[in-house]
1. Strictly greater than 13 Å: what percent of every Cα pair in region 95-151 meets that?
2. In angstroms, what radius of gyration and Dmax does the chain have, counting Cα atoms only?
3. Among 115, 41, 140, determine the one that fluctuates most according to a GNM of the chain built with springs between C-alpha atoms less than 10 Å apart.
4. So for the pair residue 11, residue 121, with labels modelled 7 Å out along Cα→Cβ, what separation do we get in nm?
5. Compute the helix-to-body angle for 47-70: its Cα long axis versus the longest principal axis of the chain, expressed 0 to 90° and rounded to tens.
6. Running a GNM on the chain with Cα contacts under 10 Å, which residue among 73, 25, 133 ends up with the highest mean-square fluctuation?
7. Can you give the alpha-carbon Rg of region 2-88 over 2.2 N^0.38 Å, where N counts its residues?
8. Relative to the longest principal axis of the chain, what angle (0 to 90°, nearest 10) does the C-alpha long axis of helix 97-111 take?
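Taken together, the values in this text are just the output of simple stated rules run on the coordinates, not laboratory data. All figures in this text were calculated on a predicted structure; none of them were measured in a lab. Glycine gets a Cβ as well: all are built from the backbone with ideal geometry, and neighbour counts include every protein chain shown.
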């Protein structure tokens, strides 16, 4: 993925796409921060962490977008929306609702989860398998509802 950021940055610079250049630079800066943080613990940042970082960036911009829209700041809202679209371009295709439901059912079955106490195991299994492809906030609520109903 790191190579993809570099090559996309070069293409955007050649094409004169200022917003895209700025957004990719923001991604690489956040990734460098993550690398420095990981270096302290002796680990390296893997693809899953990069995907999680990108998802976090999208979520942050969505929250800002809502605030700007409520405040009537169309210029800032447009900027956030453009950044969201650029960042999403680096994420794998998200799972649809049916696929999320099936993934949750499979994770519950595989982990042997029987009650709400096992929710952590199920969510951890989902994160390991579907990083960058699922909104884990919504998935956690679904897992909780399923385990609550069965437990």
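1. Numbers: 812 of 1596 pairs.
When all Cα pairs of region 95-151 are counted, 51 percent exceed 13 Å.
2. 18.1, 57
3. Sorting by GNM fluctuation, first place goes to 41.
4. My value for the distance between the label points is 4.3 nm.
5. 70
6. Answer for the Gaussian network model of the chain: 73.
7. Working: Rg = 14.4 Å, N = 87, 2.2 N^0.38 = 12.0 Å.
Taking the Cα Rg and dividing by 2.2 N^0.38 Å, one obtains 1.20.
8. 50
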